[in-house]
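> Here it is, the structure in full.
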Amino acid sequence: MKRDIIARKERWARTQGQRPQDEKIADRRLPPGQREVPNFPVLDLGWHPDIELGRWRLRLLGRVDHPVTLDWERFQSLPQIESTSDFHCVTAWSRLNLTWRGVPFSAIVELAKPHSEAKYVFFKGYDGYTTNSPLAVCAAGDVLLAHSWNGQPLTAEHGGPARVIIPSRYAWKGTKFVREIVFLKRDVPGFWELRRYSNSADPWKAERFASSD
Ligand SMILES: Nc1nc2c(c(=O)[nH]1)N[C@H]1C(S)=C(S)[C@@H](COP(=O)(O)O)O[C@H]1N2
Ligand SMILES: [Mo]
């Protein structure tokens, strides 16, 4: 009798890991129009700047009390977090459960001390790429400047030495090869925002392109 119950429970437990259930869970995790991919595509302007760590600098500037230029050593001495999140590219592919390690954006804010009127952040990459987000969006606990992915230093093709990760937005909002973070009073559109991509870029609302006016 008892054995029957155990066998039934075991059978039930096995079905929990099977496709239909998994698919339902994945569906709920995928924003509208996105599909999960097993690989990690590379998307950028086609050039991966090769930056020696000894020459790498990150500048924090704009409407801040403490403009600062960080070298790699100082950057590494800042608080570090590990954060697992999903990654949604506007071209409809998503990667689930990417584990990043790096400096939380909150540590950058604490260091630079933006003025109260600084409501926007403008990011620049070593490849000339730019993008923008409200400071409030960057304040989420899972926003970070990642230098590692899955326990390995970030490769140049995926944005090393360090890239910005903003899980709540489409991936174009996260600058690879980040070089400068500017705190601004007014919003300034970046590379894709100037090319009619959505400024707000919320994947859950499928905000892919700027609405035509
Ligand atoms: N510096 C820089 N960052 C960038 C881009 C870029 O062209 N240059 N492309 C963005 C876009 S559109 C996407 S989808 C992601 C792609 O990151 P991946 O190449 O690691 O997949 O980087 C974003 N960050
Ligand atoms: Mo993208």
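> Scan segment 63-72 and give yes if some residue there is closer than 16 Å to Pro153 by Cα and either out of contact with any Ser or Thr (no Cβ under 7 Å at 6 or more places or on another chain) or of a type in the set (S, T, N, Q) (or both), otherwise no. Spell out how you get there, then give the answer.
Going through segment 63-72, the residues closer than 16 Å to Pro153 by Cα turn out to be 72.
Filter once more, so that each one left must be either out of contact with any Ser or Thr (no Cβ under 7 Å at 6 or more places or on another chain) or of a type in the set (S, T, N, Q) (or both): 72.
Yes: segment 63-72 contains one or more residues that are closer than 16 Å to Pro153 by Cα and either out of contact with any Ser or Thr (no Cβ under 7 Å at 6 or more places or on another chain) or of a type in the set (S, T, N, Q) (or both).
> Restricting to segment 99-110, name every residue that is crowded, with 16+ Cβ neighbours inside 10 Å and out of contact with any Ser or Thr (no Cβ under 6 Å at 6 or more places or on another chain).
Filtering segment 99-110 for residues crowded, with 16+ Cβ neighbours inside 10 Å gives 100-109.
Hits for segment 99-110 are Gly102, Val103, Pro104, Phe105, Ser106, Ala107, Ile108, Val109.
> Mind telling me which of the residues Phe209, Phe122 ends up being under 22 Å from Ala107 (Cα atoms), surrounded by fewer than 22 Cβ atoms within 10 Å (Cβ to Cβ) and away from ligand 1 (no atom under 11 Å from the Cβ)?
Details: Phe209 fails: under 22 Å from Ala107 (Cα atoms).
The conditions single out Phe122.
> Which of the residues that make up segment 180-213 are assigned to a helix (DSSP H, G or I) and in contact with a strand residue (DSSP E or B) (Cβ under 8 Å, 6 or more places away or on another chain)? Outline the logic, then answer.
At the first step, the residues of segment 180-213 found to be assigned to a helix (DSSP H, G or I) are 193-195, 203-205.
Those that are assigned to a helix (DSSP H, G or I) and in contact with a strand residue (DSSP E or B) (Cβ under 8 Å, 6 or more places away or on another chain): Glu193, Pro203.
> Could you list, in sequence order, the residues of segment 129-163 that are away from ligand 2 (no atom under 16 Å from the Cβ), among the small types (Gly, Ala, Ser) and in a loop (DSSP other than H, G, I, E, B)?
Ala139, Ala140, Gly141, Gly151, Gly160, Ala162
> I've got another one for you. Collect the residues in segment 63-98 that are crowded, with 17+ Cβ neighbours inside 10 Å, over 19 Å from the mean Cα position of the chain (by Cα) and either within 16 Å of ligand 2 (Cβ to nearest atom) or over 23 Å from Ile51 (Cα atoms) (or both), keeping them in residue-number order.
Arg63, Val64 - these are the residues of segment 63-98 that are crowded, with 17+ Cβ neighbours inside 10 Å, over 19 Å from the mean Cα position of the chain (by Cα) and either within 16 Å of ligand 2 (Cβ to nearest atom) or over 23 Å from Ile51 (Cα atoms) (or both).
> Within segment 144-190, track down each residue that is free of Cβ contacts under 8 Å to residues at least 24 places away in the same chain, of a type in the set (S, T, N, Q) and either farther than 15 Å from Tyr126 by Cα or buried (at least 18 other Cβ atoms within 10 Å of the Cβ) (or both).
Hit for segment 144-190 is Gln152, nothing else.
Here, each number is a calculation from the coordinates, and none is a lab measurement. These numbers were taken from a predicted model, which means no experiment stands behind them. Cβ coordinates were reconstructed from backbone atoms using ideal geometry, including for glycine residues, and neighbour counts include every protein chain displayed.
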